[in-house]
Amino acid sequence: VDLSRETAETQAMYGINDPITADFGRKCLITRRLLERGVRYIQLYSGGGHQEDTWDGHSDCIANHKTHAAETDKPIGTLISDLKRSGLWDETLLVWGGEFGRTPTSEGVGKPGRDHDWHGFSVWLAGAGVKGGQAIGATDEFGYNVVDRPVHVHDLQATLLHCLGIDHTRLTYKYAGRNFRLTDVHGRVITEILA
């Protein structure tokens, strides 16, 4: 994790010298270095601490998301470019998401924050085995309910396992008298996103 060995140009591309992007930029550059050394699973975390220090925009969703998008956009874009340049792109799966979406309405009069919404949320996948440039599923005109091609979280899990070379229907374990699997009893691979 000694980033002093990286060139000034590389550090600038990841935004390490900019207070807005420095924290996430360091995380992205360390991720690239870990991937180059064969680390198989890495979790990057954006945010942390108090509610407004995370993407949990209850107080002011627009300002919150604008802040966090500014912190992460340049570093993640540079990581993607670096992975493509180095040849790691074809064997690295990037998954970007959270545990829920945001409601399309504010939390009340004069409150620009938004509550949690599990009805519809976005996750993006890129890299190994994923065909880019498409969106699967859509919400209604309010952004609240899924109205076209719903993708259940079990489908996402099945697809991630598939990209990792694991058949989710065969990976089972017995507990409390029944067989379980990582995708519970549901899940289908979202074949449309596979290259």
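The values are calculated or read from the model by the stated rules, or taken from the named source; none is laboratory data. Quick caveat: nothing in here was measured; it's all calculated off a predicted structure. Cβ atoms come from the backbone with ideal geometry, glycine included; neighbour counts cover every protein chain shown. Remember, those area values only see protein heavy atoms, side chains included, never the ligands or the DNA or RNA. Shrake-Rupley method; radii C 1.70, N 1.55, O 1.52, S 1.80 Å.
If R0 is taken as 22 Å, the Cβ-Cβ distance between Val146 and Trp124 corresponds to a FRET efficiency of 0.85. Cβ-Cβ distance of Asp18 and Ala63, R₀ of 22 Å, FRET efficiency by 1/(1 + (r/R0)^6): the value works out to about 0.70. From the square roots a ≥ b ≥ c of the eigenvalues of the alpha-carbon gyration tensor of segment 46-152, which class results: rounded (a/c under 1.5), prolate (a/b over b/c), or oblate? The shape class here is oblate.
Orientation-averaged projection of segment 1-100 equals 6.9 nm² [convex hull of Cα atoms, one quarter of hull surface area].
In the full protein context, the chain carries 63 Å² of accessible surface per residue, based on a 1.4 Å probe and ignoring ligands, DNA and RNA. Extension gain, Ile42-Lys131: 0.36 nm per intervening residue step, less the Cα-Cα distance, totals 29.9 nm. Could you give the longest part of the chain that holds none of the GluC sites (Glu not before Pro) found in DSSP loops with at most 10 neighbouring Cβ atoms within 10 Å? Segment 1-98 is the longest.
Across the alpha-carbon atoms of segment 128-195, the computed radius of gyration and Dmax are 14.3, 44 angstrom.
Note on the chain: helix-only mean residue ellipticity at 222 nm, from DSSP H runs of 4+ residues weighted -39500 (n - 2.57) and normalised by residue number, equals -9500 deg cm²/dmol. The Cα center of segment 56-87 and the Cα center of segment 99-116 differ in position by 21 Å. Counting every C-alpha pair in the chain, the share spaced more than 29 angstrom apart comes to 35%. In percent, rounded to a whole number, the relative contact order of the chain is 15, using alpha-carbon pairs under 8 Å and six or more apart. In a reduced charge model with +1 at each Lys and Arg Cβ and -1 at each Asp and Glu Cβ, segment 1-134 shows a dipole moment near 420 debye about its Cα centre.
Here is the list for segment 125-191: chymotrypsin sites (Phe, Trp or Tyr not before Pro) lying in DSSP coil, each with at most 16 other C-beta atoms within 10 angstrom of its C-beta, are Phe142, Tyr144.
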